[in-house]
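Read through the structure below, which is laid out as C-alpha cells, and then see the notes.
The values are calculated or read from the model by the stated rules, or taken from the named source; none is laboratory data. Remember, predicted model here, so these are calculated numbers, not experimental data. Glycine also receives a Cβ, built like all others from the backbone with ideal geometry; neighbour counts cover every protein chain displayed. With ligands, DNA and RNA removed, areas are computed over all heavy atoms of the protein, side chains included. Shrake-Rupley method; radii C 1.70, N 1.55, O 1.52, S 1.80 Å.
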Amino acid sequence: SAILGGVLNLSLVGVVFLKGETLDLQIVWSLPIGSLHLGIDPLSAFFLLPIGILGIAAALYAAGYMRHYERERSTASTFFFLNLLLVGMVGVIVARDLVVFLLAWELMSVAAFFLVVFEDEKPEVRQAGWTYLVATHLGTAFLLAFFLILSAKSGQTDFLSIQGLGLTEYAKGGLFLLALIGFGTKAGFLPLHVWLPEAHPAAPSHVSALMSGVMIKTGIYGLLRAIQILGV
C-alpha cells in the first residue's frame, strides 16, 4: 500500500510538472467547520516528490529490515503507522483548508510517535518518544493560534479566504513569529530541535530516514505556505 500510494503520488506530481497543471479538489463535508479542499500546485509538487520517492524506498527497505524483529514481536503495527505517516505528510502538503491541514499535521505527528517508540521496552526509546511528542504538540499549539487568528479575521477556513487580509505589518510580524515557532519545531530549527537528537537514533532505520529526509521538510513547506498566506 505504501508503494502504491507512492506511485500515485509521483504520477500526480508528474501531471503538475510536465503538463503545468494545478490540481484542485473540493468536497463539502458534514462537519460544521471547514471543507475537504485539496490541491497540488508547483510548491506542493516540489515537496511531494521526495515523499513519493523516499516513501517507496523506505517501504522496500522495511520489508527486509523488520524481519529480524519478527521472532520477538509483531511488526504489523510498524507498517500500519508507516502508512499513516505517509498519508499524514501527503495530507499536509495537499491541504487547502486549515481544518484539513491541522488534522493531517496531527496524524503525521502521532504516527511518527508510535514509530519512534517501536522498541518501547527500552527506557531511552520511551524518553525519546515523549520528548518528541511534547515538542511536536507545543509546536502545534503555535500553529493552532496562527490559523485561528487568521480564520477569526476572515470568517473562513479555506487558505484562499485567509490569504491577503490586509493585515498591518505588526500583525503580520506577530503571525509570522507564531508560524516560525510552530513550523520551526517540526523542521528542527535551533533552538527548537530538542527532540531531534533523541528521536532519530531511537526510531527504526527506515523511519529515521523518512523523518530526517522528508518529515522535517514539512516544516519548511508550512513556513513557505505561511509566508504566501501572509504576503510577507
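Computed values, structure above
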| item | result |
| --- | --- |
| The chain - accessible surface per residue (Å², probe 1.4 Å) | 48 |
| Residues of type lysines that LYS172 reaches as a straight line, Cα spacing below 19 Å, ignoring anything fewer than 8 places off in the same chain | LYS153 |
| Largest to smallest principal axis extent of the C-alpha atoms in segment 30-163, angstrom | 55, 30, 27 |
| Which of THR131, THR78 is most accessible, then next, and so on - probe 1.4 Å | THR131, THR78 |
| Whole-number Å³ per residue for the convex hull built on Cα positions in the chain | 121 |
| Extended-chain gain in nm, criterion 0.36 nm per residue less alpha-carbon gap, ARG126 and ASP41 | 26.7 nm |
| Calculated FRET value between GLU119 and ASN83, using beta carbons and R₀ = 25 Å, to 0.05 | 0.80 |
| Selection from GLY55, LEU223, LEU85 lying farthest towards where the dipole of the chain points positive, charges on Cβ | LEU223 |
| Cα point-scatterer Debye curve for segment 145-212, base-10 log of I(q)/I(0) at q = 0.17 Å⁻¹ | -0.72 |
| Amide H contacts under 5 Å for HIS37, placed H, 5+ residues apart | ILE27, ARG96, ASP97 |
| Cα-based reach from LYS19 at 27 Å (exclusive), listing lysines while leaving out same-chain residues under 8 positions away | LYS217 |
| Set of segment 1-41 residues, backbone N closer than 16 Å to the point 7 Å along the Cα-Cβ line of LEU60 | 1-11 |
| Sparsely packed trypsin sites (Lys or Arg not before Pro) within segment 1-89, loop by DSSP, other Cβ within 10 Å at most 15 | ARG71, ARG73 |
| Acute angle (nearest 10 degrees) that the helix 2-19 long axis makes with the longest principal axis of the chain, alpha-carbon atoms | 40 |
| About the Cα centre, charge dipole magnitude for the chain (Lys/Arg +1, Asp/Glu -1 at Cβ), debye | 160 |
| Degrees, to the nearest 10: 123-154 long Cα axis against longest axis of the chain | 10 |
| Mean-position separation - Cα centroids, segment 1-23 and segment 160-232, in angstrom | 24 |
